[in-house]
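Working notes, beginning with the structure itself.
The values are calculated or read from the model by the stated rules, or taken from the named source; none is laboratory data. These figures come from a predicted structure and were not determined experimentally. Ideal geometry is used to build each Cβ from the backbone, glycine not excepted, and the neighbour counts take in all protein chains shown. We work out accessible area using only protein heavy atoms, side chains counted, and drop any ligands, DNA or RNA first. Shrake-Rupley method; radii C 1.70, N 1.55, O 1.52, S 1.80 Å.
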Amino acid sequence: MNASAVRATRLLFLVEGSCFGVWGAHVPSAKAHYGLSEGTLALALLAASLGALAILGVAGRLVAHFGAQQVVRGAGLLMTASLGVLLLPAPAAPGTPWVLWALLALFGASSALADVAINAEGAVLEAQAGRKLMSGLHGFFSLGGMLGAVAVAGLLKLQVPAAVQMAGLSLLLAALLLPASRHMLPAHPRLREQEGEAATPRRPQGRLTLLGLLAALALLAEGAMYDWSVLFLQSQTGATPAFAALGYAAFCGAMAAMRFAGDALRERHPPARLMAAGALLAAGALLVALWLRQPWVGLLAFALVGVGLANGVPLLFVAASQVRGVTPATGIATVTALGFFGFLSGPPLIGALAEAASLSQALGVVVLCCLVLALAARKL
């Protein structure tokens, strides 16, 4: 096993998770900065979805042609740069949401491309090591989300302007990403294919379709927590902005802890049982939060949702990398395309429903997704 490549991949998962943590904790800041309603914010989140879906059509081919290392460098720099300028006052004045749409489309595309590359790296490293690694790698993504949200909460407490926070934290994350990428595997032997069979998302059929649909459900729930948990605590429970940011941190921190334990759990329990039990826990915890609408109840509930959703996506990505007849990058890119549809289209769906009814009622969709995921998990 290449120990330096494993350490580098862990750090890259942490950097990507931190980007989502910083953005998720600042969704209310973006809403206020651009003067958006919940419905208009939903359209902005849809721009991120469209950017991600557009790039996923060629993500596997790009990883196969340029290598995961070069893709991570390029996509990672675009990801941090788009995040860093998101709230800058000069080009991003209120009343110009098109700026937000363009930046979020770039953020969605670059983060999706980086995600495919680091998951392909993780799948190859797990195969080379001969032991479970993927849940732990995704644990670093969640840990990064927690660290990003905690950093935002602390800076909000110190009354640091949101634009300064986004720019400074993005520069820090870029400074971590570039040296880490140098220690990735120079090539993925299992990704090399004959010309004309490059690693692109194939027309999803059979097992890949099932895995992709389950990933869409799991990532819809996860994406809703990333983009709406902070706003829920602020608007529905009366929490302060700094406390609300801790709700995101609690979700990501609990998810990280459970993912670090996930590889050991995968050795002892069938994947279907792990997924079903986790989905039921997430559904029950979120239902309590939506019912009681109390800040501390919401904080605890979001932590339990993180525990419940933690191992679903790693299980599905590992399964995708092992489907016969396709390479790891192809399987992951195909399932990621369907999964990211849930991850990135779920939040705008929640926003549209919140505009029509209320955010509490809209988040009931997440409860429903978790219940369906628990019922369908036996198919895994």
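Count, please, the residues in the range 239-248 that happen to be in contact (Cβ under 8 Å) with a residue 24 or more places away in the chain and open to solvent by 10 Å² or more (accessible area, probe 1.4 Å).
5
Residues of the range 119-160 being not basic (Lys, Arg) and not in a helix (DSSP H, G or I), which ones?
GLY130, LEU133, LEU158, GLN159, VAL160
Would you be able to tell me the number of residues in the range 260-291 that are within 23 Å of ALA354 (Cα to Cα), open to solvent by 30 Å² or more (accessible area, probe 1.4 Å) and touching a Ser or Thr at 6+ places or on another chain (Cβ under 9 Å)?
Residues that pass the stated criteria total 1.
Any residue that is more than 30 Å from ALA245 (Cβ to Cβ) and crowded, with 19+ Cβ neighbours inside 10 Å - is there at least one of those in the range 351-365?
no
State whether one or more residues within the range 116-134 are of a type in the set (A, V, I, L, M), modelled with pLDDT of 90 or more, open to solvent by less than 10 Å² (accessible area, probe 1.4 Å) and under 19 Å from the mean Cα position of the chain (by Cα).
Within the range 116-134, one or more residues are of a type in the set (A, V, I, L, M), modelled with pLDDT of 90 or more, open to solvent by less than 10 Å² (accessible area, probe 1.4 Å) and under 19 Å from the mean Cα position of the chain (by Cα).
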